[in-house]
Amino acid sequence: MHDVRTIRAKSGTNQEGAGAHNKRVIIDALRLNGQLSRADLARATRLTKQTISNLIEALELDGLVMSEEVVRKGRGQPSTPYRLVPEGAFAIGLQIDRHVTRAIAVDLVGNVLARFQAALPTDGPARGVRVILDLIEDTRRELKMLRPHAESRLAGLGVAMPGPFGLEPAADDPWMMGAWQAFPLLETLAAGTGLDVALQNDAAACATAERMVGAAHGLDHAVCLYLGYGIGAGLILGGELYSGAHGNAGEIGMALFSDGGRLTPLEHRASLASLYQTLGLNPAEGDLHDVVTELVEADDPALLAWIDAAARDLRWAVHLIETVFDPQSIVISGGAPPALASRLIAAIEPLLPSNAERRDRTAPRLKAGMFDPWAVALGAAAEPIGRAFEPRFAAILKEAAGR
């Protein structure tokens with residue numbers, strides 16, 4: 001039996017017509033905590049025991065939950081723990097970046113089952129989208145070989161790419177991928193795959209991955225500072241990803257910093273793209289991680305100077321994030337080589353004073369997350385599963401509207 005104070009779960013509602021929301025509450029509790037008994041679930045979600053029993057039975061019939069062997073402890077009543085069935089649902093995640101695209105297939109609990117990547121053509125989305133559709137098809141074919149029933153349980157396709165969205169950048173803007181922004185991407189992908197498609201920015205996707213299996217797991221209030229070709233922030237507020245009115249929340253890379261009286265965006269100063277420019281490297285080259293890692297290990301003077309300057313800007317960005325959002329922790333992650341990331345994080349310390357300096361802190365103000373080129377695709381794949389199974393207010397509204 002779990003101590004209810006240690007179980008992370010959202011409250012269900014015993015009101016009539018809230019079944020969809022309550023199912024999501026159960027799935028989310030099992031995802032966050034692992035195995036739980038019906039009694040554990042009832043106490044943590046504040047649902048009645050009968051409601052929990054009905055929900056568990058329905059989820060078992062849906063193939064989403066299964067029971068484990070009965071546990072007997074002392075003189076108390078034996079209990080049956082329940083867990084999620086990984087094969088209960090699947091999703092495809094897609095990352096589109098300036099020079100590369102990656103596709104990944106995951107199951108309900110985030111296990112990676114297939115992944116493929118390809119170079120993205122430089123002549124725009126008309127040819128690039130064909131490369132992407134082939135990549136998705138390769139991923140689905142591999143998934144079907146491993147899990148023959150997966151196609152019938154695909155929750156959808158999650159897409160992540162650099163934002164901001166809804167603006168009108170120049171078609172040749174290397175930071176905002178203007179030609180891709182103007183292209184009917186979601187409609188083309190939906191028609192080409194037959195899947196429900198949703199888009200988020202790469203920082204939000206990386207935050208989703210950190211929340212699911214990374215350094216933000218177990219945190220209800222966290223900000224993931226994403227360091228990639230550009231810079232962004234994924235906002236986890238109240239246990240849910242916050243995207244803003246137009247999907248552009250967290251675009252901290254566009255924040256203007258002063259440089260001798262001249263204002264320049266943060267991502268022009270402290271992103272991997274700015275590092276590549278400093279070092280004279282071509283971002284389309286496939287071995288950049290190895291090249292940068294070698295320069296870090298050799299204490300290259302130009303790279304060390306970049307780390308020093310970038311750390312000053314990122315230290316100020318951390319201060320702003322803490323002041324505005326009051327997170328439990330800030331997780332810095334992204335596509336940088338781990339050797340570079342560790343040097344950069346060390347250079348950001350000590351942090352500037354902020355309202356995050358509290359004696360009762362249980363998590364560090366700043367901590368390292370995933371520095372993995374697949375993190376964004378993983379987070380993109382988590383989005384369709386979250387849309388289908390996480391407890392959101394929309395689930396209650398949807399069922400109420402259908403009555």
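The values are calculated or read from the model by the stated rules, or taken from the named source; none is laboratory data. These figures come from a predicted structure and were not determined experimentally. Methodologically, a virtual Cβ is constructed for each residue, glycine included, from the backbone with ideal geometry; neighbour enumeration extends over all protein chains shown. Only protein heavy atoms, including side chains, enter the accessible area calculation; ligands, DNA and RNA are left aside. Shrake-Rupley method; radii C 1.70, N 1.55, O 1.52, S 1.80 Å.
Here are the numbers for the structure shown:
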read-out	value
Cβ-derived FRET efficiency at R0 60 Å, Ala305 paired with Glu57, nearest 0.05	0.45
Computed label-point distance, nm, for sites His149 and Ala284 using a 7 Å Cα→Cβ extension	4.6
For the chain: accessible area per residue (Å², 1.4 Å)	46
Length added when fully stretched, Leu351-Glu294, from 0.36 nm per residue minus Cα-Cα	17.8 nm
Cβ-Cβ FRET estimate between Thr323 and His246, R0 fixed at 25 Å, reported to 0.05	0.60
Probe 1.4 Å - accessible area at Phe183, Å² to nearest ten	50
Surrounding net charge for Asp134, when Lys and Arg each add one and Asp and Glu each subtract one, Cβ distance under 15 Å	+3
Nearby aspartates and glutamates by direct alpha-carbon distance to Lys49 (threshold 19 angstrom, same-chain neighbours under 8 apart not counted)	Asp3, Glu16, Asp28, Asp40, Glu57, Glu60, Glu68
Computed [θ] at 222 nm, helices only, for the chain once each DSSP H run of length n ≥ 4 contributes -39500 (n - 2.57)	-13000 deg cm²/dmol
Share antiparallel - DSSP beta bridges, the chain, percent rounded to 5	60
Heavy-atom SASA rank of Glu285, Glu210, Glu297, Glu142 (probe 1.4 Å, accessible area, largest first)	Glu297, Glu285, Glu142, Glu210
Candidate residues Asp360, Asp40, Asp220: accessible-area rank, largest first, probe 1.4 Å	Asp360, Asp220, Asp40
Share of carbon and sulfur in the accessible heavy-atom surface of the chain [1.4 Å probe, %]	52
Phe183 versus Leu263: modelled label distance in nm, points set 7 Å from Cα along the beta carbon direction	3.2
Rounded to the nearest 10 Å², the accessible area of Val70 at probe 1.4 Å	70
